């Protein structure tokens, strides 16, 4: 198999990890969501704290997030780009979680997402990820109405 074939196979494997994670989010299947993260994950998410260290801490975050949404959760990924190396890769996209919270508030803004993958025991896992939203520097407020 050529290097190019290996990269195409690795990119397809990473896309599958992301697709499975999206399915897990939509099904509120915590184990399926967590299957995409490395045990040593470091995550800079859009909600406090500044970072989550370790998959166990991030599992707790997802459990709490799912408890906020009693009904259907939808998750979209658009403009996904993946760059693959030998045992590390990175991906970036625009993502949106849409749902109604327990208090009736609807959420559904787009965010910017970057994930760094590491091939661990033959499987691509997210070792680091960052989600962010733009900020209006004049007001200090998040800008939540932008679309890709």
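Any read-out appearing in this document is the output of simple, stated calculations on the displayed coordinates, not a laboratory observation. The structure displayed is predicted, hence computed values, not measured ones. Cβ placement follows ideal geometry from the backbone for every residue including glycine, while neighbour counts extend to all protein chains displayed.
Considered as a group, the residues in the stretch 10-37 that are out of contact with any strand residue (DSSP E or B) (no Cβ under 9 Å at 6 or more places or on another chain) and within 17 Å of residue 82 (Cβ to Cβ) include one that is surrounded by the most Cβ atoms within 10 Å (Cβ to Cβ), and that residue is 20. Against the list (1) crowded, with 17+ Cβ neighbours inside 10 Å; (2) touching a strand residue (DSSP E or B) at 6+ places or on another chain (Cβ under 6 Å); (3) under 27 Å from residue 121 (Cα atoms), the condition residue 7 fails is (1). Out of all the residues in the stretch 109-133, which are under 27 Å from residue 72 (Cβ atoms) and free of Cβ contacts under 8 Å to residues at least 24 places away in the same chain? If the condition is that a residue be under 27 Å from residue 72 (Cβ atoms) and free of Cβ contacts under 8 Å to residues at least 24 places away in the same chain, then 112 is the only one that fits. Can you confirm whether residue 140 is over 15 Å from the mean Cα position of the chain (by Cα) and over 23 Å from residue 16 (Cα atoms)? Yes: the conditions hold for residue 140.
The residues of the stretch 97-110 that are more than 18 Å from residue 36 (Cα to Cα) and assigned to a strand (DSSP E or B), listed by number, are 98, 99, 100, 106, 107, 110. Among the residues of the stretch 22-44, those identified as farther than 18 Å from residue 123 by Cβ and in contact with a helix residue (DSSP H, G or I) (Cβ under 7 Å, 6 or more places away or on another chain) are 25, 28, 30, 43. Apart from one condition, residue 40 fits all of (1) assigned to a strand (DSSP E or B); (2) surrounded by fewer than 16 Cβ atoms within 10 Å (Cβ to Cβ); (3) free of Cβ contacts under 8 Å to residues at least 60 places away in the same chain; the exception is (3).
Within the stretch 117-148, the set of residues being surrounded by 11 or more Cβ atoms within 10 Å (Cβ to Cβ) and either touching a helix residue (DSSP H, G or I) at 6+ places or on another chain (Cβ under 6 Å) or over 17 Å from residue 46 (Cβ atoms) (or both) comprises 117, 118, 119, 120, 123, 124, 125, 127. Checking each residue in the stretch 45-70 for being farther than 25 Å from residue 118 by Cα and in contact with a strand residue (DSSP E or B) (Cβ under 6 Å, 6 or more places away or on another chain) picks out only 69.
Taking the numbered list (1) in contact (Cβ under 8 Å) with a residue 24 or more places away in the chain; (2) outside any strand (DSSP E or B); (3) touching a helix residue (DSSP H, G or I) at 6+ places or on another chain (Cβ under 8 Å); (4) under 26 Å from residue 10 (Cα atoms) in turn, residue 62 passes all entries but (4).
Is at least one residue of the stretch 65-84 under 20 Å from residue 124 (Cβ atoms), buried (at least 17 other Cβ atoms within 10 Å of the Cβ) and over 14 Å from the mean Cα position of the chain (by Cα)? Yes, that holds for at least one residue.
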